[in-house]
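Take a look at the structure set out below.
The values are calculated or read from the model by the stated rules, or taken from the named source; none is laboratory data. These figures come from a predicted structure and were not determined experimentally. Please note: Cβ atoms are built from the backbone with ideal geometry, for glycine as well, and neighbour counts cover all protein chains shown.
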Amino acid sequence: MIRPTEEAVRMPQTPVKIPGYEFLRQLGAGGMSTVWLAVQESLQRKIAIKLMRRTLDTASDDARQFEKRFLLEGRTMAKLPHRNIVAVYDIVSTDEVSYIAMEFLEGGTLSERMQAGLSLADAISVVVQIAGALDFAHSQGIIHRDLKPANIMFRDAATPVLTDFGIARQQDQAATRLTQTGMLVGTPNYMSPEQISGNDIDGRSDLYSLGIMFYELLSGRTPFTGDTPIAVMMSHLTQPPPPLEAEFAYFQPVLDRMLAKNRDERYATLGEFVTALKQRVVASDTLLMRLQLTPGMSSSEQLRQLGFTASDPAGSGLRNAGSLSGSSPLPRPQDVAARRTSGASSPQRPPPSPPSRRAAAATTPPPSRQPSARPPLWPWLAAAGVVLAALLGLGFWRWQSGSGLSAETRELVGFWLKQAETLAGEGKMVSPPDDNAYQVVQKVLQKDPDNEAAQALLARMAQALRAEAEAALAKNDYALARDKVDQALFVRRDDAAVAALKQRIDAAVASEERQKQLEQLLAGAAAADKAGKPFGPEGSYALLVKARDLAADDATVKQRMDAFIAAQLAPAREALAAGNSERANLLLIGLRPELGKEAAFTTLSADATRAQQAAGLEKQIAATLQRGEAELKAGRLTEPSSANALASLGQLRELAPQDARVTAFAGQLAAALVADARQSAANAPQRALERAELALRADPARADAAALKNEIEQRLGQRLADIGRALSQAKQAIAEQRYLAPAGNNAREALANVLKLDAQNAEAGQLLAELPRRVAEGVQAKAAAKDTAAALELARGGAAAFPNDANLKTLLARTEAQAQGEQREAEVQAARERIANAIGATPVRVDSLNGAAAALAPLLAANPADAETLALRRRLAETAAAAQRAATNLADFDAFAGFLRSNDKLLAGEPAVATLQRDATALRDQLDQLERERLAALQGELVLNAQPWAQVESVVDGNRKAVALPGEASTPLALKLPAGNYVITFRHPQASKPVTVIAKVEAQRRAVANAAFPTISAEDYFSRAGW
């Protein structure tokens, strides 16, 4: 209130002292504040000061909300400098007082003017000027939401001023919790259908309210009346307005559009309405005659006085008096009410001339006024249910004493169920927001948690959503399928069939995403091939490995990987085919770190190793054969001990016992031995027997050697034959390097047998004396051939057999040292291979690099100058640096950066690391920006509101994963979330049950989820609404 009221007759004590202002008297009081007339001492002008009432509990949530709303009203008016909007001079909030200093309006309210009587010109002027004020407010993004005659006051006789922005709101913001708890904002007689339904509103809602007021100005009453507020609001939703009386039929098309139930059928803006009204006025000579203000005045001057062209803030071009004689008086509200009470009919006036064609064309009635296109009543019946719901939530209906629901509540629950059925039948099961079956069913369940019909409807909704998801899945529309199945699970969380369908959809989506990733990886591998980058983090092989890990059974991936590996192995395979096994193995060594685990590599490597071994063996066989043949040709059959044909045969049989060339050489040696035996038979029978024995050992199938042996044995007798046989065995064992083993078949035991038979046998004694030397030579030969295990075994046997031989002791120590050195080298080499494999692992992983670094550190500590180890360090640095540069997300980038930081000492001085450290900050900033852009492209905003306010208890996505909420999660709350469906649970401390809402978030768009909690009574609401 900004004007004096009857309450101002009494002069209550001024509640506070405000420096600079002198309080004169109280003008009025409301639920939140009192209004005082005061003088601003500095300017000596009268102003109105609106003081917010302070409660004892100023720290309570309600008190804070009242203060926010109070100050918001002042700030809203302050944003609107317009000649037809009340001016605000100051807004102050301190610990002691909150107040708004504003313009003092002395001209009374429009309600009072209507009681006194207005002319048609007055009515049009008021409507046009207030339309201009509203249009300006809308252009600033502000909607009034409570337009009525009581909120329009006069600065002077001709200047109406719009006041009371207490429930105005920003059009471009989500609803805040500053509006009173759970209530419908506005005054029932003037509320638009969308306000009553609780839907989002825009400037067309104010246009509807202005239409109601215009109707009232013309007819003396509002178009919708009733005994109760609910009856009035139901009429707004379901009934057309009564037609104007015949004398005002000129305005019927304009009012039809202003009062259309569907806001899309109304004028788009207040400016468009004013233009239509102006066309209506100009097009009718009769109307101009009725509106003539001054005889002889031009039409443009008449329009200017009516406000159609007024633009100056002072309003100098407008009328400065009330009704003029040329303008017909309008019905007063009290007269209309009296006629209705008495039952008298309205006075009949002669019908005016019909409007011109151009006016009719400019104001064609909307579909809502055309009988052939009248919309069905169900949308407004549904909206009426929202009104009933709001009123029930406000406490309009009371619970009856005792158990069960009251009759009114049961009736309302039934209405809600019908509304939910209707919405579900239209496919509005969980969307659009605030107009879907799920939210209506939630209202039912809040009042009747065990309602079987509601549960059954939820089950049918889930089944319908599941069917839609099935259909979308069949069309490979995975986005729609996932959307619908998530909604179905929100509706019925424990539906096993829906859960199974979600798994199928997720599998299909995963398959599609996997296929896309495969295509990207294969394309990347082809590009890397073309760029000559087979290996490395972004090389062809790394990308193919990722593809194989993603789809091991994919035929295309397998073919591409096989082709790549074949191409990499081709040079080694060609070298092997050409008989160059040594080159093949060298090439394979270079590929081992990357391809070492591939089956094709393993097979080829084994083939190359065998080929190289065979080549080496062949060289040994050829060399030994060549030496043996030379010894045979020189007649060195069994002597000297270290270089004779028999010893060469022993080596050949050890190398290749089945080789035909060895067999042939054995035959040649046997023939030579038989020939030598025959020559010695007469003069040296024991030598002849020995040669015969050796011939049979070289070639057991030689018959002439066997016959000669038998002949000599008979001539010598048993003893000499045994000696000869034992000596032959000893020489054969020496030739085959069986010096000390195996037991029962070695040279030492054979010589011991000879000396047992013939203690004075000089040859046996000589051979036995030479045996330590032969053992030492054997140890050295095996050690030189890197057969360290055999050398060590022989050295240990020699030291045990000949404990007094100092040379063997020394050789044993040396061989043991060699074995230990080779063991260490083998361990180092194995460590190098592990490091190389870890560095070359595809894809590059931080844990693999950490393992490589841990194995590399002790190698460098043991031998800082080792070339192979230093090469591995360089590879490790280059691989880690390349992986960090190639990282596609911050997590990977930071992980590799952490690896390099933790190993900075190990990798100090490596050029790749130094270069990366110089570029790291810029690289990370670039990646951070890309990731932010990527995330923003996939995210949307979800604004959570509640009336009056609530704590957001949980936000759960389609996978039933809870979204992390801030520490202060009270409404209004805005969250950035990935696109998808979410179920939000709100809780209010004064409500016994939480409210759940389903919302769909789309990428780069804003979604709003609203909840309401009943915390005030309907009586309180209607009292505040002015009923």
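Residues in the stretch 630-651 that are closer than 22 Å to Gln766 by Cβ and part of a helix (DSSP H, G or I): Glu631, Ala645, Leu646, Ala647, Ser648, Leu649, Gly650.
When the stretch 829-849 is limited to residues that are β-branched (Val, Ile, Thr) and at pLDDT 90 or above, the one that is surrounded by the fewest Cβ atoms within 10 Å (Cβ to Cβ) turns out to be Val846.
With more than 15 Å from Glu736 (Cβ to Cβ) and in a helix (DSSP H, G or I) as the only criterion, which of Glu693, Glu711, Glu654 stands out? Steps first, answer last, please.
Numbers: Glu693 fails: more than 15 Å from Glu736 (Cβ to Cβ); Glu654 fails: more than 15 Å from Glu736 (Cβ to Cβ).
Going through Glu693, Glu711, Glu654 in turn, the sole match is Glu711.
Of all residues in the stretch 718-736, at least one satisfies being under 28 Å from Arg773 (Cα atoms) and either in contact with a strand residue (DSSP E or B) (Cβ under 6 Å, 6 or more places away or on another chain) or in a loop (DSSP other than H, G, I, E, B) (or both).
It is to be established whether one or more residues within the stretch 115-137 are in contact with an Asp or Glu (Cβ under 8 Å, 6 or more places away or on another chain), farther than 26 Å from Met32 by Cβ, modelled with pLDDT of 90 or more and not in a strand (DSSP E or B). No, the stretch 115-137 has no match at all.
Taken over the stretch 441-453, the criterion of being farther than 17 Å from Ile998 by Cα and assigned to a helix (DSSP H, G or I) is satisfied by Lys447, Glu452, Ala453. Within the stretch 608-636, residues that are farther than 13 Å from Phe665 by Cα reach partners that are in a helix (DSSP H, G or I) and modelled with pLDDT under 90 with beta carbons closer than 6 Å, at six or more positions or on different chains, in the pairs Gln620/Leu655.
Tell me the residue from Glu73, Glu96 that is under 48 Å from the mean Cα position of the chain (by Cα), touching a residue at least 40 places away in the same chain (Cβ under 8 Å) and not in a strand (DSSP E or B), please. Quick ask: steps written out before the conclusion?
On the way: Glu96 fails: under 48 Å from the mean Cα position of the chain (by Cα).
Result: Glu73 is the single residue among Glu73, Glu96 that is under 48 Å from the mean Cα position of the chain (by Cα), touching a residue at least 40 places away in the same chain (Cβ under 8 Å) and not in a strand (DSSP E or B).
When only residues in the stretch 808-819 that are loosely packed, with under 15 Cβ neighbours inside 10 Å and over 16 Å from Ala785 (Cα atoms) count, which is nearest to the chain's Cα centre (by Cα)? Looking at residues that are loosely packed, with under 15 Cβ neighbours inside 10 Å and over 16 Å from Ala785 (Cα atoms), I get Ala813. Can you give me the number of residues within the stretch 673-689 that are crowded, with 20+ Cβ neighbours inside 10 Å and closer than 20 Å to Lys633 by Cα? So the count comes out to 5.
Here is a yes/no grid of residues against (1) among the charged types (D, E, K, R); (2) in contact (Cβ under 8 Å) with a residue 24 or more places away in the chain; (3) surrounded by fewer than 18 Cβ atoms within 10 Å (Cβ to Cβ):
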| position | (1), (2), (3) |
| --- | --- |
| Phe893 | no, yes, no |
| Gly898 | no, yes, yes |
| Gly909 | no, no, yes |
| Val913 | no, yes, no |
| Leu916 | no, yes, no |
| Leu935 | no, no, yes |
| Ala946 | no, yes, no |
| Glu953 | yes, yes, yes |
| Gly958 | no, yes, no |
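Close contacts from the stretch 454-472, counting a first residue that is without any contact (Cβ under 8 Å) to a residue 40 or more places away in the chain and a second that is crowded, with 16+ Cβ neighbours inside 10 Å and among the small types (Gly, Ala, Ser), with Cβ to Cβ under 7 Å and a gap of 6+ residues or different chains, come to Met461/Ala424; Met461/Ala437; Ala462/Ala488; Leu465/Ala488; Arg466/Ala488; Ala469/Ala481; Ala469/Ala488; Ala472/Ala481.
Lys1000 falls short of the stated requirement of being farther than 20 Å from Gly198 by Cα, in contact (Cβ under 8 Å) with a residue 12 or more places away in the chain and in a strand (DSSP E or B). In the set (1) modelled with pLDDT of 90 or more; (2) touching a Ser or Thr at 6+ places or on another chain (Cβ under 9 Å), Leu501 fails one condition alone, (2).
Contact map, the stretch 220-231: first residue surrounded by 14 or more Cβ atoms within 10 Å (Cβ to Cβ), second residue in a loop (DSSP other than H, G, I, E, B) and at pLDDT below 80, Cβ cut-off under 6 Å, separation 6 or more or different chains; pairs are Gly220/Pro331; Gly220/Arg332; Pro229/Trp1027. Of the residues examined, Ala801 is one that is in contact (Cβ under 8 Å) with a residue 60 or more places away in the chain and touching a Leu at 6+ places or on another chain (Cβ under 7 Å).
Residues in the stretch 763-782 include none that are outside the structural domain of Thr624 (by TED's automatic domain parsing) and either in a loop (DSSP other than H, G, I, E, B) or of a type in the set (Ser, Thr, Tyr) (or both). Can you spot a residue in the stretch 105-118 that is at positive phi and touching a residue at least 24 places away in the same chain (Cβ under 8 Å)? Within the stretch 105-118 (the criterion being at positive phi and touching a residue at least 24 places away in the same chain (Cβ under 8 Å)), the answer is yes, since at least one residue qualifies. Filtered by the rule that a residue be surrounded by fewer than 21 Cβ atoms within 10 Å (Cβ to Cβ) and either modelled with pLDDT of 85 or more or of a type in the set (Asp, Glu) (or both), the stretch 987-999 gives Arg987, Pro994, Thr996. Assessment of the stretch 477-488 against the conditions (of a type in the set (Val, Ile, Thr), assigned to a helix (DSSP H, G or I), more than 24 Å from Thr985 (Cα to Cα) and in contact with a Leu (Cβ under 7 Å, 6 or more places away or on another chain)) yields no matching residue. When Asp562 is evaluated against the numbered criteria (1) under 39 Å from the mean Cα position of the chain (by Cα); (2) modelled with pLDDT of 90 or more; (3) buried (at least 19 other Cβ atoms within 10 Å of the Cβ), which criterion, by number, is the only one it fails? Result: Asp562 fails condition (3) only.
Going by the conditions given, is Asp435 part of a loop (DSSP other than H, G, I, E, B) and either surrounded by 15 or more Cβ atoms within 10 Å (Cβ to Cβ) or among the acidic types (Asp, Glu) (or both)?
Numbers: part of a loop (DSSP other than H, G, I, E, B): yes; either surrounded by 15 or more Cβ atoms within 10 Å (Cβ to Cβ) or among the acidic types (Asp, Glu) (or both): yes.
So Asp435 passes the test.
Out of Leu930, Leu916, Leu923, Leu890, report the one residue that is assigned by TED's automatic domain parsing to the domain that holds Ala854, farther than 30 Å from Asn1010 by Cβ and among the hydrophobic types (A, V, I, L, M, F, W, C). Outline the logic, then answer.
Working: Leu930 fails: assigned by TED's automatic domain parsing to the domain that holds Ala854; Leu916 fails: assigned by TED's automatic domain parsing to the domain that holds Ala854; Leu923 fails: assigned by TED's automatic domain parsing to the domain that holds Ala854.
Of the residues listed, the single one that is assigned by TED's automatic domain parsing to the domain that holds Ala854, farther than 30 Å from Asn1010 by Cβ and among the hydrophobic types (A, V, I, L, M, F, W, C) is Leu890.
Looking at this structure, is Val441 in contact with a strand residue (DSSP E or B) (Cβ under 9 Å, 6 or more places away or on another chain) and modelled with pLDDT of 85 or more?
For Val441, the condition - in contact with a strand residue (DSSP E or B) (Cβ under 9 Å, 6 or more places away or on another chain) and modelled with pLDDT of 85 or more - is not met.
Do we find a residue being closer than 20 Å to Ala883 by Cα and within 26 Å of the chain's Cα centre (by Cα) anywhere in the stretch 459-470? Checked the stretch 459-470: no residue is closer than 20 Å to Ala883 by Cα and within 26 Å of the chain's Cα centre (by Cα). Show the residue pairs meeting these rules: Cβ distance below 6 Å; 6+ apart or different chains; first residue within the stretch 670-687 and free of Cβ contacts under 8 Å to residues at least 12 places away in the same chain and at positive phi; second residue in a loop (DSSP other than H, G, I, E, B) and surrounded by fewer than 19 Cβ atoms within 10 Å (Cβ to Cβ). As it stands, the answer is none, since no pair meets every condition given.
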